[in-house]
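Below: one structure, written as C-alpha cells.
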Amino acid sequence: MLQIPEGKLKEILVRDGLIDSQLFDSIASEAKRLNQNIAENIVSRGIITDSYYSSVLSKYFNTPLAELDKVQIDPSVLTLLTEDLARQKRVVLFGRLPDGTIKAAMEDPTDLVAIQFLENHLKLRIQPFLAREVDLNKGFALYGQASARDFKKVIAENLEASLRSKVKGEEAASEVPIVAIVDNVLSYAMALGASDIHIEIFEDFIYIRYRIDGVLREVFRMPVEIHSAIVARLKLLSGMKIDEHSKPQDGRFRYKIGSDLVDVRVSAIPTFYGEKIEMRILPATNRPLSFQELGMFGDTAKLLEDNVRRTYGMVLVTGPTGSGKTTTLYSVLNILNRPEVNIVTVEDPIEYNIKFINQTQINEAAGVTFAEGLRSILRQDPNVILVGEIRDNETADIAVQAALTGHLVLSTLHTNDAPTAIPRFVDLNVPPFLVAAVLDAVLAQRLVRKICTSCIYSYEPAPEVVDALKRQADQLGVEGFAVPRTLYAGKGCPVCGGTGYRGRLGIFELLNISDEVRKLIINPNFLIDDLRVLAKKEGMLTMFQDGLRKVERGITTIEELLRVIGE
C-alpha cells in the first residue's frame, strides 16, 4: 500500500474528524511494532475505508484514480505487457489518450524507475493512474480470461509432446510439457481467484475443477495417460513420496507468478482409478481483515469486539467447513495483538503466520493433538488462547478450565447456527453450569458471493419471482420473510467469468450470552427453541436477517442468500 508521510496523514484524518490525535499516535506506534503500514493498520481497524484512503492518496500525489471497476479495459492495450511483467511491476495498462499515451493503473504511480522502464519497454509514453487492489485484480482477471482461450491449445501441444515421450512417473514429471501443464493449471486458478483445485481421475479422463467464490466449476478435462505424470510433478513440488500410491499424503509448496506468491496446500488420496489431488491456495502474505472487511455491520462488530476484549471467558465461532471461521478468528487476534498480551495458538493447519503471536501446528503423528497442545499452552503463561477447533471431550474440558482460570479462549465448533452451539457443547460432556459460566458469545457465519461491481444492475422483481422466493423461504423455515421492492444482480462479464459474482463476504449471527441466557442454559428444562426466542427478544439478528440487509444494499443477491441458508 502506497504511503504518505505520517505527519501529513495524521493532519488529514484529524482534520476530517475521523480520528483524534492521541489514537493516531497509539496506532502509529503499534503499526511500527508489528512492522505494518500505518494506513493499512488504520484501514484494517475500520476507521477509514480503502476507497477513502485511495482518494487521499490521489489528492496528495496529484494523480488520478484509475477506478477500473467502472471503466472498460482495452484488451489490445492490456496485452502490450505480459501478465508476468504486469504482476511483477504491479501495473495494468487499460487505455490510450488521443495522443497515443498509454494509461497505466499502478500500485505506486510515484515509482519513476518503473515508469521509465515501461516507457523504454513499450517505446510509448505512460500516463500513471493510482490503482487500488480491486483495479489490479480486474486487469489480472482479464489476463486469466485471455489465457483460458488459449489454454486448450497449450494443453493439446503439451499433451502431444508428453505422450510422444512415453515416459511415466517421476521422469515424466520432470519433462517440460508436464511442468508447463501444471504451471498453467496453477496460474489460471490464481487469475480466476480460485481457492481450491481438484484433480480427479475417472475411467476415461482427468477432471479438473476450481472452487471459485465457494462454488465448484468444471474447467477442463484431460486424457488419463498423463495422470501419473501430473501427480508425480505435484508430489515432487510438495515433498510427498512419489512411489507411495496406497496411502493418503499431505504436502505444501510455494508458487510464484510475477510478484504474487501463494502457498499451495496439497492433499493426495487413493481412489478407484488412481490418486485424487486437492490443492488449497493460500496467499503467502496476508494481513488480517477488519470486521468491516469481513462483512460485519457496525452493531455486530461492536458487540463482538466488546466480548473479545474481556480478559477471560470463551468466544466461539461456528459454521460449516469453509465458512471463514479461521479468517474471523485471525481478525480477532489482530485486535488483541499488543505488547502486554501473550497470545498462543494451536491450529491444524497454521494458515497464516502472524507476527508476535506464538502459533503451534498440530502433529498427531508426533503426539501433538489439540488436547495435548492446549495442555502445553497453559504452561506458557498465555493471556489469550486460540484453539483451532474443539472436536472432542478432552479438548472441550481443558478449554473450559482455561477460560475459568483467567484466560480468554477463542475456538470454533461445527454447528448450523449460534444457539445450537450450547447443546453441542453439552454433548461434549461439559456441564451446563460450566457452559453458562465461561461462554461470553457465539458467532455463527456463512459466506455469500458478492455481486460483481463491474456488471451490477437493479430491477423490480416480477410477481411470479416474488412468489417463488417466498415459497423457497417457507421451505427453509424462514419466518417473516418479505422480498425487497428493489433487487440487485450481476449481468455477467469477463471480470466475473460470466457468473455475475466476484468475491465473498460473511453473513453473521451473534448470540450474546446475557444473564438471562445463562439462566436458561442451566435450566433443567432447557430447550433450544426457547433459547432462540430469548435471543431474538434480546436483539439477536439471524444470519438470514443479516443477509437480507446485504441484499437490500446491493451487496449480494436474494437467490445467493437463500442458497447459502439452505445448505
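The values are calculated or read from the model by the stated rules, or taken from the named source; none is laboratory data. These numbers come from a predicted model, not from an experiment. Methodologically, a virtual Cβ is constructed for each residue, glycine included, from the backbone with ideal geometry; neighbour enumeration extends over all protein chains shown. With ligands, DNA and RNA removed, areas are computed over all heavy atoms of the protein, side chains included. Shrake-Rupley method; radii C 1.70, N 1.55, O 1.52, S 1.80 Å.
Scanning region 310-327 for residues that are within 21 Å of the chain's Cα centre (by Cα) and part of a loop (DSSP other than H, G, I, E, B), we see that the one that is surrounded by the fewest Cβ atoms within 10 Å (Cβ to Cβ) is T321.
Against the list (1) surrounded by fewer than 21 Cβ atoms within 10 Å (Cβ to Cβ); (2) in contact (Cβ under 8 Å) with a residue 12 or more places away in the chain, the condition N525 fails is (2). From the list L303, L333, the one residue that fits, being crowded, with 19+ Cβ neighbours inside 10 Å and either under 20 Å from the mean Cα position of the chain (by Cα) or more than 23 Å from A31 (Cβ to Cβ) (or both), is L333.
So that you can scan it fast, the table gives a plain yes or no per residue for (1) charged (D, E, K, R); (2) within 27 Å of F140 (Cβ to Cβ); (3) in contact with a strand residue (DSSP E or B) (Cβ under 7 Å, 6 or more places away or on another chain); (4) at pLDDT 85 or above:
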position: V14; (1), (2), (3), (4): no, no, no, yes
position: R33; (1), (2), (3), (4): yes, no, no, no
position: S51; (1), (2), (3), (4): no, yes, no, no
position: K59; (1), (2), (3), (4): yes, yes, no, yes
position: K70; (1), (2), (3), (4): yes, yes, no, no
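Residue count for region 377-421, restricted to those that are part of a helix (DSSP H, G or I) and open to solvent by 50 Å² or more (accessible area, probe 1.4 Å): 8. Within region 336-355, the residues that satisfy the criterion of being under 22 Å from the mean Cα position of the chain (by Cα), part of a loop (DSSP other than H, G, I, E, B) and not β-branched (V, I, T) are N337, D348, P349, E351, Y352, N353, K355. Is there any pair with a first residue in region 539-559 that is free of Cβ contacts under 8 Å to residues at least 60 places away in the same chain and closer than 15 Å to L505 by Cβ and a second that is of a type outside the set (D, E) and open to solvent by 20 Å² or more (accessible area, probe 1.4 Å) whose Cβ atoms are under 9 Å apart and which are 6 or more apart or on different chains, and what are they? Partner pairs satisfying both residue conditions: R553/Y488.
Here's the yes/no breakdown for (1) under 14 Å from L136 (Cβ atoms); (2) more than 28 Å from the chain's Cα centre (by Cα):
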site	(1), (2)
D74	no, yes
V77	no, yes
L81	yes, yes
R87	yes, no
N120	no, yes
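Per the conditions (1) touching an Asp or Glu at 6+ places or on another chain (Cβ under 6 Å); (2) more than 30 Å from D25 (Cα to Cα); (3) open to solvent by 60 Å² or more (accessible area, probe 1.4 Å), the sole criterion not satisfied by I126 is (3).
Here region 19-46 is the region considered, the condition is being among the aliphatic types (A, V, I, L, M) and part of a loop (DSSP other than H, G, I, E, B), and the residue that is nearest to the chain's Cα centre (by Cα) is L34.
One line per residue, one yes/no per condition, for (1) in a strand (DSSP E or B); (2) open to solvent by less than 60 Å² (accessible area, probe 1.4 Å); (3) in contact (Cβ under 8 Å) with a residue 60 or more places away in the chain:
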{"site": "Y53", "(1), (2), (3)": "no, yes, no"}
{"site": "S58", "(1), (2), (3)": "no, yes, yes"}
{"site": "Q72", "(1), (2), (3)": "no, no, no"}
{"site": "S76", "(1), (2), (3)": "no, no, no"}
{"site": "L81", "(1), (2), (3)": "no, yes, no"}
{"site": "L85", "(1), (2), (3)": "no, yes, yes"}
{"site": "L93", "(1), (2), (3)": "yes, yes, no"}
{"site": "P98", "(1), (2), (3)": "no, no, no"}
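Going by what's in this entry, would L124 be described as over 30 Å from V564 (Cβ atoms), at pLDDT 90 or above and not in a helix (DSSP H, G or I)? Outline the logic, then answer.
Numbers: over 30 Å from V564 (Cβ atoms): yes; at pLDDT 90 or above: yes; not in a helix (DSSP H, G or I): yes.
The answer is yes for L124.
Residues that are open to solvent by 30 Å² or more (accessible area, probe 1.4 Å), of a type in the set (V, I, T) and more than 30 Å from K450 (Cα to Cα): does region 199-206 have at least one?
The initial filter retains those residues of region 199-206 that are open to solvent by 30 Å² or more (accessible area, probe 1.4 Å), namely 202-205.
Within this subset, residues satisfying the condition of being of a type in the set (V, I, T) are none.
No; the residues of region 199-206 include none that is open to solvent by 30 Å² or more (accessible area, probe 1.4 Å), of a type in the set (V, I, T) and more than 30 Å from K450 (Cα to Cα).
In region 478-491, the count of residues that are touching a Phe, Trp or Tyr at 6+ places or on another chain (Cβ under 9 Å), of a type in the set (G, A, S) and over 21 Å from G319 (Cα atoms) is one or more.
Scanning region 467-491 for residues that are open to solvent by less than 30 Å² (accessible area, probe 1.4 Å) and modelled with pLDDT of 80 or more yields L469, V483, P484, L487, A489, G490.
For (1) open to solvent by 30 Å² or more (accessible area, probe 1.4 Å); (2) at pLDDT 90 or above; (3) more than 18 Å from the chain's Cα centre (by Cα), each residue gets a yes or a no:
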residue: I230; (1), (2), (3): no, yes, yes
residue: L234; (1), (2), (3): no, yes, yes
residue: S246; (1), (2), (3): yes, yes, yes
residue: D260; (1), (2), (3): yes, no, no
residue: V264; (1), (2), (3): no, yes, no
residue: G274; (1), (2), (3): no, yes, yes
residue: I277; (1), (2), (3): no, yes, yes
residue: A284; (1), (2), (3): no, no, no
residue: E293; (1), (2), (3): yes, no, no
